[in-house]
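Written out below as structure tokens is the structure these notes cover.
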Amino acid sequence: MVESTTTIYDVARVAGVSMATVSRVVNGNANVKEKTRQKVLEAIAELDYRPNAVARGLASKRTTTVGVILPTITSTYFAAITRGVDDIASMYKYNMILANSDNDVEKEEKVLETFLSKQVDGIVYMGSSLDEKIRTSLKNSRTPVVLVGTIDGDKEIPSVNIDYHLAAYQSTTKLIENGNKKIAYIMGSLKDVENTERMVGYQEALLEANIEFDENLVFEGNYSYEQGKSLAERLLERGATSAVVSHDTVAVGLLSAMMDKEVKVPEEFEIISGANSPITQYTYPTLTSVNQPLYDLGAVAMRLLTKLMLKEDVEQNQLVLDHEIISRRSTK
């Protein structure tokens, strides 16, 4: 399809009005006579004129565009959050530009620079980690930013999350109540605030049950299916009888490897995953999971971003949404 080369000048010429009048009609300015407005609209329809968002942004200092950065576009977890972002963006007449960072800090820096150079009105950042350089860039940016599924330790950047500490505590407690004493915890990097919160919740549950903490049962990783598969052997060698896994994709990999080894789930090994993305219901057995309201996380984040972009009053910019544990067949 060839891009239209019709300009605002062409519309003004056909309608017999000034370019300023066309601009007022396009931007919904009420200070235009109805007869004149109709002439402009007819010219726009005749010429199939589509206003250039970037050009309009240069004049209004708004592009009605938000940039969304996520670590992997293939993740059902981030896809579910993004759907919430997109629906609210559409509701408020914002276009969305999606960028995949591949969990690469250098690529994230380039994506962020590209968004800022394109003068997006706001940014939604979803990351499996928040590098200090990226954090500084986001914090110092004049462009509003909201984090989702990521915590700024200093709480200077607005964010939307669940209570990861409580979710980890509840998940570990459930496995303890089922008779497990060797409970592994599989998560992302402990450099990330949300994972340190998970670790605290995990250790609190063990302490309450008088179970000694074993650092050999804690695994940091990269959120991949392959990582989950590769950990099965090590878990069994270390005597683990259950695991809390912060990322669903890793939990699915672990479950698959256990089934390959003919380890019965949940009779011989129990698994709780961390986000309740759709894949937790596609496995056999289905996965017990922390039900993060993924769509709502994205929707609330985008609504918060609209308030920041429109300079509306924001009473609270560190939002924590409710979660629950959905029991399925990977636990007793």
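The values are calculated or read from the model by the stated rules, or taken from the named source; none is laboratory data. Treat the numbers as computed from the prediction; the structure is a model and nothing was measured. Cβ coordinates were reconstructed from backbone atoms using ideal geometry, including for glycine residues, and neighbour counts include every protein chain displayed. In case anyone asks, the SASA skips ligands and DNA or RNA and just uses the protein heavy atoms, side chains included. Shrake-Rupley method; radii C 1.70, N 1.55, O 1.52, S 1.80 Å.
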Tell me whether region 19-40 contains one or more residues that are open to solvent by 80 Å² or more (accessible area, probe 1.4 Å), at pLDDT 90 or above and in contact with a helix residue (DSSP H, G or I) (Cβ under 6 Å, 6 or more places away or on another chain). yes
Kindly provide the set of residues from region 119-137 that are more than 17 Å from the chain's Cα centre (by Cα) and part of a loop (DSSP other than H, G, I, E, B), ordered by number. GLN119, VAL120, ASP121
Mind counting the residues in region 228-259 that are polar (S, T, N, Q), part of a helix (DSSP H, G or I) and at pLDDT 95 or above? 2
Which members of region 174-196 meet the condition of being touching a helix residue (DSSP H, G or I) at 6+ places or on another chain (Cβ under 8 Å) and farther than 16 Å from GLU215 by Cα? ILE176, GLU194
Condition set in contact (Cβ under 8 Å) with a residue 24 or more places away in the chain and part of a helix (DSSP H, G or I), scope region 305-319, selection surrounded by the fewest Cβ atoms within 10 Å (Cβ to Cβ): answer is LEU308
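Is there a residue being part of a helix (DSSP H, G or I) and within 17 Å of ALA167 (Cα to Cα) anywhere in region 297-304?
Among the residues of region 297-304, at least one is part of a helix (DSSP H, G or I) and within 17 Å of ALA167 (Cα to Cα), which makes the answer yes.
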Enumeration of residues in region 138-151 that are within 20 Å of the chain's Cα centre (by Cα) and open to solvent by 50 Å² or more (accessible area, probe 1.4 Å): LYS139
Region 67-100, subset of a type in the set (Gly, Ala, Ser) and at pLDDT 90 or above, residue farthest from the chain's Cα centre (by Cα): SER90
Contacts under 7 angstrom Cβ, first residue in region 180-194 being of a type in the set (Asp, Glu), partner assigned to a loop (DSSP other than H, G, I, E, B), 6 or more apart: ASP192/SER129; ASP192/LEU130; GLU194/THR150; GLU194/ILE151
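Residue-by-condition table, conditions (1) open to solvent by 70 Å² or more (accessible area, probe 1.4 Å); (2) among the basic types (Lys, Arg):
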{"position": "GLY153", "(1), (2)": "no, no"}
{"position": "SER159", "(1), (2)": "no, no"}
{"position": "ILE162", "(1), (2)": "no, no"}
{"position": "LYS181", "(1), (2)": "yes, yes"}
{"position": "GLU208", "(1), (2)": "yes, no"}
{"position": "GLU220", "(1), (2)": "yes, no"}
{"position": "ARG234", "(1), (2)": "yes, yes"}
{"position": "LEU255", "(1), (2)": "no, no"}
Residue among THR249, THR286, THR241 that is open to solvent by 20 Å² or more (accessible area, probe 1.4 Å), assigned by the TED database to the domain that holds GLN170, within 21 Å of GLY188 (Cα to Cα) and more than 22 Å from the chain's Cα centre (by Cα): THR241
In region 171-205, residues that are polar (S, T, N, Q) and under 23 Å from the mean Cα position of the chain (by Cα) total 4
